[in-house]
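Here is the structure we will look at.
The values are calculated or read from the model by the stated rules, or taken from the named source; none is laboratory data. Here the structure is a predicted model, which means the values were calculated and not measured. Neighbour counts are summed over all protein chains in view; Cβ atoms, including those assigned to glycine, are modelled from backbone coordinates with ideal geometry. Just the protein is used for accessible areas: all its heavy atoms, side chains included, with ligands, DNA and RNA removed. Shrake-Rupley method; radii C 1.70, N 1.55, O 1.52, S 1.80 Å.
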Amino acid sequence: MQVYSSAQTKLRNAHGELHGGKIIQPLESPKRVDMILAALQRSGAHGIREPRDYGLAPVLAVHDPQYLEFLAHAWDEWVQSGHQGEPVPTIVPGRNLRSSKIPADIAGKIGFYALATETCLSPGTYEAALSSKDIALSAAEYALTRQQGAFGLCRPPGHHAARDQFGGYCFFNNAAIAAQFALDRGIAKAAILDIDYHHGNGTQQIFYERSDVLFLSLHADPACEFPYYLGYADERGSGAGAGFNRNYPLAKGSSSEVWLAALEEALLRVHSFQPGLLIVSLGVDTYAGDPLGTFAIQTAEYRQIGKRIAAAQLPTAFLLEGGYAVEEIGLNVLGVLDGFDSFYA
Ligand code: OKP
Ligand code: ZN
């Protein structure tokens, strides 16, 4: 299938991530792109292209304008304030503080716009995030116009990013931006199937009150896993969106059988919804060897997953979310794409 990728995504290259009380080398590293590209190139089965530039309008159709402005200038403001290290959010407008005030000071703004504290800002993050959304949009546009599959090698990922918050390695919600773009291009309905190990809290939040985007997420039970405060089974959408959000929280350590059974349930819902485009938030941190995940999916099983998704017979844009730099990351992604194509072969 058509693949979109860009070296610009590697401009996000933060030094640190707050992890277990230490600042470690970020798990969400530029190496991931190289590893996945290497596997795709070795296979030779999928053509790889640069995305085109869609500008800021599709971002503003989903994200808060002041949030966009914040991300565009955060690093420079931070440096101009005399700081040396990478900013980690240190205070956030939590439950007993006001969240209606946007502080003037950059440290206050960072906390205001953060939903988690593991993700440091860094030079190049904004440029990489712009490229990531262009990759998502290119993949979505290809899938829509050709009525086929496409893969966007997005980085940074997007599914934790809310309308006005970053965190969980995410800045712009690529899947949400692509879905909204497809609607603006004239399709009536889009479905987003999130199969990353973690709940797609940002995507859920963005579309929670809408009936034109069905959001389904398979993930580790948030009672025991990041993002902890969203992703429970009783969150089914509200207002006009009631019934258009579905979560499939699975116990930590879940087997492939359990996971695949949840996928079948979610695909049945996709089928009855009849979307004009299916976006798959593709995280391969469901892999048994992933450093952040606890599920048991094996490399050889990703092919089956791709094939099952293809059986929905919808134009489909796969967008990369998580899945960390273990040797098999490339093969796991390749397996999904090959499996998808094998359905039509
Ligand atoms: C991003 B994506 C380790 C906990 C992990 C961040 C997880 C972000 C996952 N201290 N915290 O959905 O793969
Ligand atoms: Zn994840």
Problem set entry | Rel. contact order, % - alpha carbon contacts under 8 angstrom, at least six apart, the chain | 19 percent
Exercise. Can you give the accessible area of Arg163 in Å² (nearest 10), computed on protein heavy atoms with a 1.4 Å probe?
Worked result: 100 Å²
Problem set entry | Along the chain, longest interval not containing exposed GluC sites (Glu not before Pro), exposed being DSSP loop plus at most 15 other Cβ atoms within 10 Å | 1-208
For this session: Sort out for me the Cα centre separation of segment 15-66 from segment 83-135, rounded to whole Å.
Result: 18 Å
Seminar exercise, completed: For Arg95, Arg185, the accessible-area ranking with a 1.4 Å probe, largest leading, is Arg95, Arg185
Problem set entry | Against the rule of thumb 2.2 N^0.38 Å, how large the Cα Rg of segment 1-61 comes out | 1.46
Exercise. Got the relative contact order for segment 150-254 handy, in percent, Cα pairs under 8 Å and 6 or more residues apart?
Worked result: 22 percent
Exercise. When the scattering of segment 1-160 is computed by the Debye formula from its Cα atoms alone, each counted once and equally, what is log10 I(q)/I(0) at q = 0.12 Å⁻¹?
Worked result: -0.61
Problem set entry | Sequence of Asp105, Asp341 from largest to smallest accessible area, 1.4 Å probe | Asp105, Asp341
Exercise. How far, in degrees from 0 to 90, does helix 174-184 lean away from the longest principal axis of the Cα atoms of the chain, to the nearest 10?
Worked result: 70 degrees
Problem set entry | Shape of segment 73-179, Cα gyration tensor, a/c cut at 1.5 | prolate
Exercise. Each residue of segment 330-340 in order: what ³J(HN,Hα) in whole Hz does its phi give by Karplus 6.51 cos²θ - 1.76 cosθ + 1.60, θ = phi - 60°, with x for Gly and Pro?
Worked result: x, 5, 5, 5, 4, x, 4, 5, 4, x, 4
Exercise. In deg cm²/dmol and to the nearest 500, what is the mean residue ellipticity at 222 nm of the chain if only DSSP H runs of at least 4 residues count, each as -39500 (n - 2.57), divided by the residue total?
Worked result: -11000 deg cm²/dmol
Exercise. Of Asp64, Asp34, which has the most accessible area with a 1.4 Å probe, and how do the rest follow in descending order?
Worked result: Asp34, Asp64
Exercise. Where both partners of a DSSP beta bridge lie in segment 138-281, what percent of those bridges are antiparallel, to the nearest 5?
Worked result: 10 percent
Problem set entry | Whether segment 110-239 is rounded, prolate or oblate, judged on the alpha carbon gyration tensor where a/c under 1.5 counts as rounded | oblate
Exercise. Could you give the accessible area per residue of segment 289-333, probe 1.4 Å, as a whole number in Å²?
Worked result: 34 Å²
For this session: Give the shape of the chain as rounded, prolate or oblate, defined through the alpha-carbon gyration tensor: a ≥ b ≥ c are the square roots of its eigenvalues, a/c under 1.5 means rounded, and otherwise the shape is prolate if a/b is larger than b/c and oblate if not.
Result: rounded
